[in-house]
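Rule-based calculations on the coordinates, nothing more; no lab input. Just so it is clear, the model here is predicted, and its values are computed rather than measured. Cβ placement follows ideal geometry from the backbone for every residue including glycine, while neighbour counts extend to all protein chains displayed.
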Amino acid sequence: MNRTLVPEDRRESFYHQSLRQAGPGYANFDLPSTELSLDLIYTCEMLHQMTARYFAEFGLSRSSLNVLMILRHCGVDGMQLHELGELLLVSRANITGIVDHLEEKGYVTREVDASDRRARCARITKKAAALLDEFIPVHYRNINLLLQELTNVEKERLQGLLRKTRGSLRGHAEEVCGRERGAANEAAQENYGR
């Protein structure tokens, strides 16, 4: 197996070393929590970079694949764009732009929603279904290859830890986001008063 295609890069050691050196100088610094957040970001970024290479060969991005997979499994009636945006795993900021792009490629159609004449539903086309039928086996093979160093038991354990991590994030989001919003508002008011 050729493991030189993606050589070790400097980022992991650089950031961990920087954290260990500079972090203790700040209030509330916790090395394990900070290193974990760094490792999650770095791992997600590596996975994204590696999958993006073969996604591009099929003319797909993470967001376009995400939309097509949702539409494939939502039924023949399709889905309203706001509902589609709620289910995306990737950025929800521009669902209309993503659907526009998929519509231009002939992968999605937009039609008036039968239950709400004011709304439009996105539906997957046969062309997109055929693309997914070709892409998904390649994707599953590649994911299996990329994660083959982990045993099934390790994968299950990691999934459990990630679910627990997401629970922790949700459980403290308001506290963190509210605190940050408050500090930003205070800073803005100070700057306005100058």
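Observations, loosely collected:
- Candidates 157, 141, 123, ranked by Gaussian network fluctuation over the chain, Cα under 10 Å, top entry: 157
- Residues with amide H under 5 Å from that of residue 80, placed H, sequence gap 5 or more: 122
- Dipole magnitude of the stretch 12-57 about its Cα centre (Cβ charges: Lys, Arg +1; Asp, Glu -1), debye to nearest 20: 80
- Extended-chain gain in nm, criterion 0.36 nm per residue less alpha-carbon gap, residue 87 and residue 72: 4.1 nm
- Stokes-Einstein translational diffusion, the chain - Kirkwood Rh over all Cα pairs, 1.002 mPa s, 20 °C, in µm²/s: 104
- 109, 43 arranged by Cβ crowding within 10 Å, fewest neighbours leading: 43, 109
- Under-5 Å amide H pairs with residue 108, H placed in peptide plane, nonlocal only: 103, 125
- For the stretch 7-64, chymotrypsin sites (Phe, Trp or Tyr not before Pro) are listed when DSSP marks them as loop and at most 12 other Cβ atoms sit within 10 Å of their Cβ; the list is 26, 29.
- Distance between modelled label sites at residue 14 and residue 163, nm, 7 Å Cα→Cβ extension: 3.7
- Exposed GluC sites (Glu not before Pro) absent - longest run of the chain, DSSP non-H/G/I/E/B, at most 13 other C-beta within 10 Å: 9-148
- Proxy reagent accessibility, fewest Cβ within 10 Å first, across 105, 126: 126, 105
- All Cα-Cα distances of the stretch 62-127, cut into 10 Å bins from zero to the largest, leave 23, 61, 16, 0 percent in each bin in turn.
- Cα-centred dipole magnitude for the chain, charges only on beta-carbon of K, R (+1) and D, E (-1), debye, nearest 20: 280
- Inter-site label distance for residue 120 and residue 136 at 7 Å from Cα along Cβ, in nm: 2.7
- Computed lengthening from residue 30 to residue 110, 0.36 nm per intervening residue step minus Cα-Cα distance: 23.9 nm
- Virtual spin-label span in nm between residue 56 and residue 100, 7 Å along Cα→Cβ: 2.3
- At q = 0.13, 0.15, 0.30 Å⁻¹ the log10 of I(q)/I(0) for the stretch 12-57 amounts to -0.39, -0.48, -1.04, computed by Debye summation with a single uniform scatterer per C-alpha, solvent ignored.
- Calculated [222 nm] ellipticity per residue, helices only, for the chain: -23000 deg cm²/dmol; basis is -39500 (n - 2.57) per DSSP H run with n ≥ 4, divided by all residues, nearest 500.
- Ranking 18, 34, 98 by how far each Cα lies toward the positive end of the dipole of the chain (charges on Cβ) leaves 98 at the top.
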